[in-house]
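> Structure below; questions to follow.
Nothing in this text is a laboratory measurement; each read-out follows from the coordinates by a stated rule. Because the structure is predicted, anything quoted here is derived from the model rather than measured. Neighbour counts run over all protein chains shown; Cβ positions are idealised from the backbone, glycine included.
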Amino acid sequence: MPSQGQAHRTLGRPSGHRRALLRNLVTSLIEHESITTTYARAKEAQPLLEKMITAAKINTNATRARMYSFVFSPKLSIDRLVNEFAPRYADRTGGYTRLLHLEPRAKDSAPMAVLEMVGGPKDLRLYMTAKAIARAETKGVPFEDKPTKLNYQKITENMPNGAQVLREKVELMKKIYFSNTPAKKAELEEKRRASLKGQMVGKQRAFERSLKQADPKFRAERAQERKRAELRKARREEAERNREINLKKKAELEEYVKLAPQRRAERRRKWLEYVLREEGHEAWLEKSKWT
């Protein structure tokens, strides 16, 4: 809850970081239609998305500009808001999202929640109701619990084609969770046997490995293998050093060959200086280009 004198939860962040977090949550919810986050973050993001959907239903240049400036992926988000969410909630004046509590987070016991779109393909209440009805129909008894009846009434009355969509989900839940056909039983039994066989094989290998580790001969072989590995590593390092030395020598040789004409010209110049000095032409040599 916001503390006294605050208009909203600060979420332990400065205003710019808090706004970026909420924009990211709203963009993710528009894209996936269901997000799991802490209760405080979900509670702060919920009214922002409600306002975005209301603006999408109005669909003017001003509302589009406001939506464009808020979401992180405008092209995808605005298209979904205008073409998908606005028609879906055309008959609703509000309450486009639902907030469901979850168990606290294991690390720090922070209260968690699911924020989802009402009547969307990931509507958690729809799936929970469909699974409860599928369980009751599989047992051959009518569903009598009050929450399931209330959810069934809300889905059939408020969701477009609610009864048909709920029936499809019930059949899907029967197929996934309550299928007792012989083929399904045989498949589950085969998986169980394969799992047990894998566990036995793993235990047998672990037992054999422990016996090997207790054998002095095996220990000696492992020590020799470690020595051979160290020797191979030393050889690789020596080969790498030799390769670097060879590359350096090659570069020096290429530089020497490249500067060979300059060295020859320098030697010729010095030889000509020597000859001129020996013949007594020092005055001319001082004025020449070689000095």
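> In terms of the Cα gyration tensor, with a ≥ b ≥ c the square roots of its eigenvalues, is region 215-275 rounded because a/c is under 1.5, prolate because a/b exceeds b/c, or oblate?
prolate
> If you take the beta carbon distance between His8 and Ala194 as r and set R0 to 45 Å, what does 1/(1 + (r/R0)^6) give as a FRET efficiency, to the nearest 0.05?
Once rounded, the FRET efficiency stands at 0.25.
> Work the Kirkwood hydrodynamic radius out for the chain: mean of 1/r over every pair of different alpha-carbon atoms, inverted, in Å.
28.5
> Around Asp123, which amide H atoms from residues at least 5 apart in sequence, or from another chain, sit under 5 Å from its own amide H, with H modelled in the peptide plane?
Counting only residues 5 or more places away or on other chains, the set is empty.
> For each pair in Lys122/Lys174; Lys175/Lys197; Lys122/Lys149; Lys227/Lys250; Lys139/Lys175, compute the distance between the two Cα atoms and list the pairs where it is over 23 Å.
Among Lys122/Lys174; Lys175/Lys197; Lys122/Lys149; Lys227/Lys250; Lys139/Lys175, the Cα-Cα distance tops 23 Å for Lys175/Lys197; Lys227/Lys250.
> Sort Ile155, Ile245 so the one with the fewest other Cβ atoms within 10 Å of its own Cβ comes first.
Ile245, Ile155
> Residue separation times 0.36 nm, minus the C-alpha to C-alpha distance between Asp215 and Lys249: what's the value?
Extending this stretch completely gives an extra 7.1 nm.
> Quick check on region 123-179: take the gyration tensor over C-alpha atoms, sort the square-rooted eigenvalues as a ≥ b ≥ c, and tell me if it's rounded (a/c under 1.5), prolate or oblate.
oblate
> Mind giving me the FRET efficiency for Arg105 and Gln262? R0 is 51 Å, r the Cβ-Cβ distance, nearest 0.05 is fine.
Efficiency, from the Cβ-Cβ distance: 0.10.
> Could you tell me which of rounded, prolate or oblate describes region 1-117, using a ≥ b ≥ c as the square roots of the eigenvalues of the alpha-carbon gyration tensor, with rounded for a/c under 1.5 and, failing that, prolate when a/b is larger than b/c and oblate otherwise?
prolate
> Counting other C-beta atoms within 10 Å, which of Thr156, Thr129, Thr38, Thr97 has the fewest, and how do the rest follow?
Lowest to highest Cβ neighbour count: Thr156, Thr38, Thr97, Thr129.
> Sticking with this one: Taking a cut-off of 24 Å between Cα atoms, list the lysines near Lys249, but don't count ones fewer than 8 places away on the same chain.
Within reach: Lys258.
> Relative contact order, percent, of the chain when contacts are C-alpha pairs under 8 Å separated by at least 6 residues?
12
> Hey, can you grab everything whose amide H is under 5 Å from the amide H of Val118? Only 5+ residues off in sequence or another chain; H modelled, so Pro and N-termini drop out.
Thr97, Arg98
> I've got another one for you. Considering the chain as a Gaussian network with a 10 Å cut-off on Cα pairs, which listed residue, Leu21, Leu276, Leu166, attains the greatest mean-square fluctuation?
Leu276
> A further question follows. Scan the chain and report its longest stretch carrying no GluC sites (Glu not before Pro) that are both in a DSSP loop and have at most 15 other Cβ atoms within 10 Å.
Counting at most 15 other Cβ atoms within 10 Å as exposed, the longest clean stretch of the chain is 1-143.
> On full extension of the chain, what length is gained from Lys227 through Ser15, given 0.36 nm per residue of separation minus the C-alpha to C-alpha distance?
Between Lys227 and Ser15, full extension yields 70.3 nm more.
> Each residue of region 234-249 in order: what ³J(HN,Hα) in whole Hz does its phi give by Karplus 6.51 cos²θ - 1.76 cosθ + 1.60, θ = phi - 60°, with x for Gly and Pro?
Result, ordered by residue: 5, 5, 5, 5, 5, 5, 5, 5, 5, 5, 5, 5, 5, 5, 5, 5 Hz.
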